[in-house]
Structure formats: C-alpha cells, structure tokens
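Okay, structure first, notes after.
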Amino acid sequence: MHYYAHRIRFAHPLRVAWFTCILNLVGIAASQADDPAPGISGCQRYITARDLNAHLQKIPVSQGVLSEKSETDAVVRVDPTVKYQTILGFGGAFTDAATHVILEMPKAKQEEILRAYFDPDQGNHYTLCRTHINSCDFSINSYSYDEHAGDTELKDFNIARDRQSLIPIIKRALAMSHNGFKLFASPWSPPAWMKTNGDMLHGGKLKPEDRSAWALYYTKYIHAYADEGIPIWGLTVQNEPAAVQPWESCIYTGPEERDFVRDYLGPTLQKEGLSSVKLMVWDHNRDLMYDRAKDVYDDPKAAQYVWGTAFHWYVQDDFDNVQRVHDAWPDKNLLLTEGCQEGGIHDTEWAVGERYGEAMKQDLNHWSVGWTDWNIVLDQTGGPNHVGNLTSAPIIADTTTGEVRYEPSYYYIGQFSRFVRPGAVRILSAPTNENLETTAFQNPDGQLVLVVMNRTELPIQFKIAVGDRSVETVAPQRSIQTLVVDSK
C-alpha cells in the first residue's frame with residue numbers, strides 16, 4: 001500500500017487521519033533487501049519513526065510513495081561540490097557512575113550495552129568519547145588522584161580509583177570498537193587543596209600558586225592513562241567554568257582561562273611531549289561561547305596552544321553563536337562536548353529524541369566537527385549521582401531487574417553515528433520545505449549520507465536530487481531517516 005502527502009499543509013483533518021491510518025497499516029516492516037531507486041542507484045534508507053515502531057530500520061526508498069509518477073511539493077537538493085568541515089565522529093561519555101552501572105548488570109547485559117554503542121556492525125559505532133579527570137557529579141563519591149595537600153610535585157599522584165570501573169570499561173569498549181575511538185578528558189575540579197575554597201565542590205578557584213602543579217596534573221593523567229593502554233586524544237581546560245555548582249566545579253573568568261592556557265597548561269603540555277593533544281577552551285554553554293573564545297583567541301600566545309572551542313547544549317540553544325565563532329576564527333575547531341535531558345529519566349519520551357536530532361543537525365550545520373552525548377548509560381533513577389543531580393541517558397540499565405531499555409535518543413544519535421564516518425565532509429543540503437530538517441555528508445569512500453527529520457504530525461513526500469539524478473521518498477510524521485547513496 002502507498003500513500004501520498006501532496007500539499008499536506010492544506011489537507012482536510014479527515015484526510016490527515018486517513019493518511020496516518022494508512023501509514024500505520026504500512027508499518028514500514030523491514031525489507032532487508034537493497035532498493036535501487038530510479039535515477040539514483042545503490043540508495044539505502046534507514047528510519048526511526050514514532051508511529052511506526054521503526055528504530056534504525058532498513059526499508060526500501062520507495063516505501064510509502066505512490067507507485068505512479070506524480071508531482072511533489074518538496075525537494076532536498078544535495079550538492080557534494082559545496083564542502084564544509086571534516087567530521088571527527090560521534091559518541092558519549094564514560095563516567096564513574098555509568099561504568100559502575102554497567103558492571104552491576106549481568107555479564108550478558110554488560111556486553112549488550114557495550115555492543116549497542118561500540119560494535120561497528122551492530123551498534124552505534126561510537127568514534128569520539130569523553131571522560132573526566134578526578135570525580136564529577138556522576139561519580140559514586142568525590143575524589144582526586146592526589147589527596148596529599150601541598151604535594152606540588154605530585155609524588156602521590158595515582159589513578160588507582162579509576163581502575164574500579166572507568167578503566168576496565170573503557171578498555172572493553174576499545175576492544176569492542178575494533179578500530180578504537182578518540183577519547184578526550186575534562187576536569188570538573190582540581191584537588192581541594194589547590195582551590196581557594198578548600199573544597200572540590202561549590203565553585204571556588206584555582207589558587208594562583210598552584211597553577212604550575214595543576215598544569216602538571218593534566219600531563220600526569222595523560223601519561224598514566226597511556227600506561228593503561230588508553231590514549232588521550234584531547235583535553236578541555238575546565239568543565240563549565242562559569243557555573244558554581246553543588247558538585248565538583250571550578251570558576252575561571254575568560255582572562256583567567258586565557259592566562260592559565262598561555263602561561264601554564266600550554267607550555268607544560270609542550271614540555272612534556274604532549275603538544276599533539278588537542279586542547280579545547282570554554283566547555284560550557286553556547287550562550288557565552290563567542291565572548292569566551294574571543295578572550296583566548298585574541299591573544300596569539302594563548303591561541304597557539306588551542307585546537308578549538310568546546311560547548312554544551314544547556315540553558316539556551318543559540319546555534320547562531322556556534323556559527324559566529326567559526327566565522328570569526330575559521331582556523332579553530334568547534335565541538336559539542338556535552339548534552340543530556342535533565343531532571344531524571346524520561347522513558348520513551350519521543351521529544352527527547354527529537355531534541356537530540358535537532359541539536360545534532362543544527363550544531364553540525366553550524367560547523368561543529370562532532371557531537372558527544374553525556375553519560376552512555378544510567379540506572380533506573382537517572383543516576384547514581386553523589387549530589388542527586390539526576391538526568392536521563394540513551395540507555396537505561398535497571399540494576400534491580402537487569403533490564404536494558406533503549407530510549408528514543410539512542411536511535412536518533414544512531415541515525416548520525418552509524419552512517420557518517422570519521423573523515424566525512426559536510427556538504428550542502430537544501431530543502432524547499434521548511435519542515436524537512438536536513439544535513440548531509442560525503443564519507444571518505446565517496447558515499448553520500450543525507451539525514452532528514454520531520455517533526456510535524458504529517459508525512460511529507462519529497463524528492464532527493466543529486467546533480468541530474470533524483471528519487472522520490474517520504475518523511476513519515478515525527479521521524480528521522482538516513483539515506484545513504486553510493487558514489488557514482
């Protein structure tokens with residue numbers, strides 16, 4: 001059965017209901033065969049849709065389109081000759097809490113969770129991940145790697161605490177991923193004895209006399225992880241440096257972060273043979289990212305050490321600020337380093353998945369080179385979190401029942417991460433219908449990847465056009481789909 005959503009904006013309500021009924025009857029049951037499309041050969045389609053019980057499901061490109069030729073209102077033009085940024089990858093965060101939750105699950109469920117994220121054939125194929133230096137709010141308790149006050153030479157530095165769960169799970173994920181992934185690390189706070197408030201929690205600042213010791217601390221961490229067989233690809237200077245939190249936090253003004261990078265952290269990384277480690281500033285929300293980037297980049301001596309600007313998705317969207325930072329400093333990179341749905345778990349809430357899809361599409365279309373989610377997994381409460389700051393995660397692991405639940409956000413992330421490979425280049429995609437939200441890429445092997453979202457309550461039929469080739473398909477209501485076109 002086929003349906004046609006021509007001029008859906010003016011459709012009669014009864015007709016809309018009929019379209020929806022037909023769409024549900026179609027069910028997008030999974031044909032596993034390739035569906036060469038007229039005009040575009042080797043086109044494959046994968047879809048996640050609220051009303052169709054479809055989750056990253058492979059279906060024919062022509063499913064849901066009238067068999068006879070007809071005019072359509074909408075076109076998505078994909079032009080691989082117009083190129084933008086190169087993509088690093090997608091992923092999430094290994095936290096003390098997340099890795100403890102995984103280890104509390106039955107062995108088979110542990111493997112299922114890791115496979116769901118890191119298996120390149122069956123999972124979301126994560127290639128860019130984050131972790132924390134010292135504890136964060138999503139730790140079982142607050143801790144640092146050196147509790148010896150005044151140990152500025154860091155003779156007592158030791159990452160033994162991370163061997164409880166973080167290091168074992170990261171190693172298993174690396175093995176599961178086959179080709180590994182890039183891992184970057186962020187501190188939430190220096191040890192309490194290095195801070196003005198004598199506390200890892202509740203803000204405070206780095207003591208000026210301990211800036212050298214704190215810079216050395218990063219390098220000790222990188223070397224210690226390397227000794228465990230875990231390379232650290234990048235660093236952010238400080239997680240959320242403008243927020244005094246009830247959990248681990250440390251405050252820097254823009255000039256303070258600039259001076260620390262210029263006079264301490266940058267030179268220390270260089271001295272310790274770690275100049276290839278990618279250093280990122282800010283690591284906080286989009287709203288202030290232009291001003292904070294400017295503080296650092298306007299100083300050439302500080303900017304020379306900085307690979308790019310890290311940012312989060314909280315408070316306000318402000319996607320245009322991501323573009324503004326790129327436009328002002330096109331030689332510097334942009335990376336979304338954290339986003340999650342706040343306020344505990346949000347089981348099966350489709351809007352949470354759509355929030356992920358919208359943010360990923362917007363950030364990528366405004367020059368982010370990748371996108372990293374927050375905790376890869378949390379328990380049935382949205383924790384554990386040692387200060388009660390509970391949130392949601394794409395996978396919820398119920399440690400009381402052993403059940404693993406996949407949230408809509410898991411599938412929305414997968415619509416990008418499974419198909420857009422590291423080294424892909426974002427290319428132009430231009431929809432003629434504002435309700436078709438798109439982004440497109442060309443993978444290193446030449447494949448074209450088009451991601452299309454439809455957050456309306458109506459299906460939209462549209463044509464994909466690449467050069468002089470085209471094919472018709474449809475975006476079901478409240479859906480996201482990825483179309484992969486073989487290189488010509």
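Quick notes on this structure:
- From the options ARG405, ARG421, residue that is of a type in the set (D, E, K, R), within 18 Å of LEU335 (Cβ to Cβ) and out of contact with any helix residue (DSSP H, G or I) (no Cβ under 7 Å at 6 or more places or on another chain): ARG421
- Filter result (of a type in the set (A, V, I, L, M) and without any contact (Cβ under 8 Å) to a residue 40 or more places away in the chain) within the range 415-471: VAL449
- Of the residues making up the range 88-103, those that are part of a helix (DSSP H, G or I) and in contact with a strand residue (DSSP E or B) (Cβ under 8 Å, 6 or more places away or on another chain) are ASP96, ALA97, ALA98, VAL101, ILE102.
- Restricting the range 294-306 to residues that are hydrophobic (A, V, I, L, M, F, W, C) and closer than 11 Å to GLY266 by Cα, the residue that is surrounded by the fewest Cβ atoms within 10 Å (Cβ to Cβ): ALA303
- Qualifying residue in the range 322-331 (condition: surrounded by fewer than 19 Cβ atoms within 10 Å (Cβ to Cβ), polar (S, T, N, Q) and part of a loop (DSSP other than H, G, I, E, B)): no
- Qualifying residue in the range 315-326 (condition: of a type in the set (S, T, N, Q), under 22 Å from TRP233 (Cα atoms) and at pLDDT 95 or above): no
- A residue that is in contact with a Gly (Cβ under 9 Å, 6 or more places away or on another chain) and outside any loop (DSSP other than H, G, I, E, B) can be found somewhere in the range 196-218.
- Of all residues in the range 230-238, none satisfies being surrounded by 22 or more Cβ atoms within 10 Å (Cβ to Cβ), aromatic (Phe, Trp, Tyr) and either assigned to a loop (DSSP other than H, G, I, E, B) or not assigned by TED's automatic domain parsing to the domain that holds LEU128 (or both).
- From the list ALA74, ALA29, the one residue that fits, being among the aliphatic types (A, V, I, L, M), at pLDDT below 85 and over 30 Å from LEU378 (Cβ atoms), is ALA29.
- Scope the range 152-179; condition free of Cβ contacts under 8 Å to residues at least 40 places away in the same chain and over 29 Å from VAL377 (Cβ atoms); matching residues: LYS155, ASP156
For every residue, the table says whether it meets (1) outside any strand (DSSP E or B); (2) crowded, with 21+ Cβ neighbours inside 10 Å.
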site	(1), (2)
LEU428	no, no
ASN433	yes, no
VAL449	no, yes
SER470	no, no
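- When the range 416-475 is filtered for residues that are aromatic (Phe, Trp, Tyr) and within 16 Å of ILE87 (Cα to Cα), the ones remaining, listed by number, are PHE416, PHE419, PHE441.
- With respect to the conditions (1) over 21 Å from MET105 (Cβ atoms); (2) surrounded by 19 or more Cβ atoms within 10 Å (Cβ to Cβ); (3) of a type outside the set (D, E, K, R), CYS340 lacks only one, and its number is (1).
- On inspection, ALA393 passes the criterion of being within 29 Å of GLN477 (Cβ to Cβ), touching a Leu at 6+ places or on another chain (Cβ under 8 Å) and in a loop (DSSP other than H, G, I, E, B).
- Here PRO120 meets the list (1) out of contact with any His (no Cβ under 6 Å at 6 or more places or on another chain); (2) in contact (Cβ under 8 Å) with a residue 40 or more places away in the chain; (3) assigned to a loop (DSSP other than H, G, I, E, B) almost entirely, failing just condition (1).
- All of (1) surrounded by fewer than 23 Cβ atoms within 10 Å (Cβ to Cβ); (2) in contact with an Asp or Glu (Cβ under 8 Å, 6 or more places away or on another chain); (3) over 21 Å from ASP283 (Cβ atoms) hold for HIS366 with one exception: (3).
- Failed criterion for TYR252 (all others in (1) touching a Pro at 6+ places or on another chain (Cβ under 6 Å); (2) within 26 Å of ILE170 (Cα to Cα) hold): (2)
- Output for the range 327-379, where each listed residue is in contact with a Ser or Thr (Cβ under 9 Å, 6 or more places away or on another chain), of a type outside the set (Val, Ile, Thr) and over 26 Å from ILE47 (Cβ atoms): TRP329, LYS332, ASN333, LEU334, LEU335, GLU338, GLU342, GLY343, GLY344, ASN375, LEU378, ASP379
- Selection of the range 123-143 for residues being among the β-branched types (Val, Ile, Thr) and either assigned to a loop (DSSP other than H, G, I, E, B) or over 13 Å from GLY91 (Cα atoms) (or both) yields THR127, ILE133, ILE140.
- Hey, LEU154 buried (at least 17 other Cβ atoms within 10 Å of the Cβ), over 19 Å from the mean Cα position of the chain (by Cα) and either hydrophobic (A, V, I, L, M, F, W, C) or not in a loop (DSSP other than H, G, I, E, B) (or both) or not: yes
The values are calculated or read from the model by the stated rules, or taken from the named source; none is laboratory data. Only a predicted model underlies this, so the values are computations on that prediction, with no experimental measurement involved. Note: ideal-geometry Cβ built from the backbone for every residue, glycine included; neighbour counts use all protein chains shown.
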